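Everything on this sheet refers to the single structure shown next.
The values are calculated or read from the model by the stated rules, or taken from the named source; none is laboratory data. Being a predicted model, the structure only gives us computed values, none of them experimental. All Cβ positions, glycine included, derive from the backbone under ideal geometry; neighbour counts span all protein chains shown. Protein only, heavy atoms only, side chains kept; ligands, DNA and RNA dropped before computing areas. Shrake-Rupley method; radii C 1.70, N 1.55, O 1.52, S 1.80 Å.
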Amino acid sequence: MAAEPLRIAYLIPGSNKEPFWQSAHAFAQAAADDLGFVLEVHYAFNDAKRLLATGKAVAARAQDKPDYILFHNYEGAAPYILNAAERNGVYAFLVGTRLSDSVQDQVKGPRVNFKKWLGELRTDNVGGGYSLARMMFRAAHERKLVSASGRYKMVVMNGSVGDVAAIDRQDGAKLAAEEYYHGDITMRAVADWSRIKARAITARAFEKQPTASLYWVANDLMALGALDTFERTRRIPGVDTLIGCFNWSPWALKAVAENQIEFVLGGHFMEAGAAIVLLFDHSRGQDFADQGTSFTHDHGLVTKANVRAVYQRMVRNDFSSIDFRVFSRVMNPNWQRYEFDAMTFLAAMK
């Protein structure tokens, strides 16, 4: 009699109406289907209490208990979910943003205080924020978008005050401004990831910082809000104003193709699918711990040069053509290390 397939519970903090989480779900599902897992997905709809309650309930189930829980550290839920998994004998794997410093001090790292915490795959948000700002300063220099004072002025529009990913991205932007010759961040604002709030903030920035030609924006919806405002001004994105943002949504990519957004960093929705590859190897007796227990995922860059190829893949939101087995060391024993680059995954789509 064939063994029952292993089960993974994937806890998504956002909504099934949000394109980013739709892509994360689709990518993880494609990986699970290829690698023989049953994937159950639980949305928390941006409710931290619901995420935590679901994680505890899933870990404590008497029937159909998952073998693995895959989850994001949303509003500090990580240590509580890790504790529930540990008590109930369920392996756990963390994806997405890093733990806050205080939580990291408390839980240490994978397989230390929580033996069932197998590992983590984190986005390099500091590096992403730094790279985006650095590219924008360089582009402003090349196009001579310099203020009368000789400075390259940047408005930073972040999504949240307390979100670790948002903090890290902004820290990266600040580091780039400190390093770049004549680069300044002249205004910082928080728009709560909202297109509507971003419109108002952009209007205020335009009044207070009329010579700022660079808009560094922490997600795609807020970037679209900035574009909404610029339509009512004499600013011309791509000519006298440059916008850079995060998230490969179809509309952000379309804005790149239309020369309205200069740079988009993304691909971090792939983390759960990449983690499923690691869990597959673990389930087959090839523990990934010999490569480490903390992995870093870098953002992929989209510009006008490659936007068409990325858009064609992202607009479908169907990743079933990727053969996730080619990323497994169990299936490819000669591989020396894992390759989880966003562009590598996209290139594998047929």
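Run the numbers on the stretch 169-228 and let me know its relative contact order in percent, using alpha-carbon pairs under 8 Å that are six or more apart.
Over the stretch 169-228, the number comes to 37 percent.
So for each of 335-345, 34-44, 87-97 I average, over its residues, the number of other beta carbons within 10 Å; can you give me the resulting order with the highest mean first?
Packing order, densest peptide first, comes out as 87-97, 34-44, 335-345.
With the radius of gyration and the Kirkwood radius both derived from the Cα set of the stretch 1-154, what is their ratio Rg to Rh?
Using Cα coordinates only, the ratio equals 1.13.
Treating each Cα of the stretch 176-276 as an identical point scatterer and ignoring solvent, apply the Debye formula and state log10 I(q)/I(0) at q = 0.16, 0.21 Å⁻¹.
-0.69, -1.10
Per residue, how much accessible area does the chain have with a 1.4 Å probe, in Å²?
44
Have a look at the DSSP beta bridges in the stretch 198-350 and tell me what percent are antiparallel, nearest 5.
Here the share of antiparallel DSSP bridges comes out near 30 percent.
Could you work out how far apart the two model spin labels at ASN46 and GLN106 are, taking each label as a point 7 Å from the Cα in the direction of the beta carbon, and quote it in nm?
Placing both labels 7 Å beyond Cα along the Cβ direction yields 2.4 nm.
Using only Cα positions of the chain, each an equal point scatterer, no hydration layer, compute I(q)/I(0) via Debye at q = 0.09, 0.13 Å⁻¹ and quote the log10 values to two decimals.
The Debye formula, applied to the Cα set alone, gives -0.50, -0.99.
State, as an integer percentage, the relative contact order of the chain based on alpha-carbon contacts under 8 Å between residues 6 or more apart.
Relative contact order comes out at 17 percent.
Restricting the count to DSSP beta bridges whose residues both fall in the stretch 43-126, what percent are antiparallel, rounded to a multiple of 5?
If I count the DSSP bridges inside the stretch 43-126, around 0 percent turn out antiparallel.
Can you give me the convex hull volume of the Cα atoms of the stretch 98-216, divided per residue and expressed in Å³?
In the stretch 98-216, the Cα convex hull volume per residue is 115 Å³.
Whenever you get a sec, compute what percent of the accessible area on the stretch 18-90 sits on carbon and sulfur atoms (1.4 Å probe).
47
Relative to the longest principal Cα axis of the chain, at what angle does helix 220-230 sit, 0 to 90 degrees, rounded to 10?
Compared with the principal axis, the helix lies near 20 degrees.
Read phi for every residue in the stretch 164-179 and hand back ³J(HN,Hα) as whole Hz from Karplus 6.51 cos²θ - 1.76 cosθ + 1.60, θ = phi - 60°, with x for Gly and Pro.
Karplus-based 3J(HN,Hα) across the stretch 164-179 equals 4, 4, 5, 4, 5, 4, 5, 4, x, 5, 4, 5, 5, 5, 5, 7 Hz.
Hey, can you rank 233-239, 6-12 by average C-beta count inside 10 Å, highest first?
Answer by packing, highest mean first, reads 6-12, 233-239.
From the gyration tensor of the Cα coordinates in the stretch 34-87, what semi-axes in whole Å does the equivalent ellipsoid have, largest first, with each one equal to sqrt(5λ)?
19, 14, 10
For the cross-link pairs LYS17/LYS116; LYS17/LYS49; LYS17/LYS304; LYS17/LYS197; LYS56/LYS108; LYS144/LYS174, which exceed 23 Å when the distance is taken from alpha carbon to alpha carbon?
Violating the 23 Å Cα-Cα cut-off are LYS17/LYS116; LYS17/LYS304.
Compute the angle between helix 125-142 and the longest alpha-carbon principal axis of the chain, please, reported from 0 to 90 degrees and rounded to the nearest 10.
Value to nearest ten degrees: 30.
Can you compute the helix-only [θ] at 222 nm over the chain? Use -39500 (n - 2.57) per DSSP H run of at least 4 residues, normalise by all residues, nearest 500 deg cm²/dmol.
That calculation yields -12500 deg cm²/dmol at 222 nm.
Over the Cα atoms of the stretch 248-350, what Rg and Dmax result, in angstrom?
Here Rg and the maximum Cα pair distance are 15.3, 49 Å.
So what's the net charge close to THR123: Lys and Arg +1, Asp and Glu -1, counting the other residues with Cβ under 9 Å from its Cβ?
-2
Give a residue-ordered list of calculated ³J(HN,Hα) values for the stretch 14-30 (Karplus: 6.51 cos²θ - 1.76 cosθ + 1.60, θ = phi - 60°; whole Hz; x for Gly, Pro).
Going residue by residue, I get x, 10, 6, 9, 8, x, 4, 6, 4, 5, 4, 4, 4, 5, 5, 5, 4 Hz, with x marking Gly and Pro.
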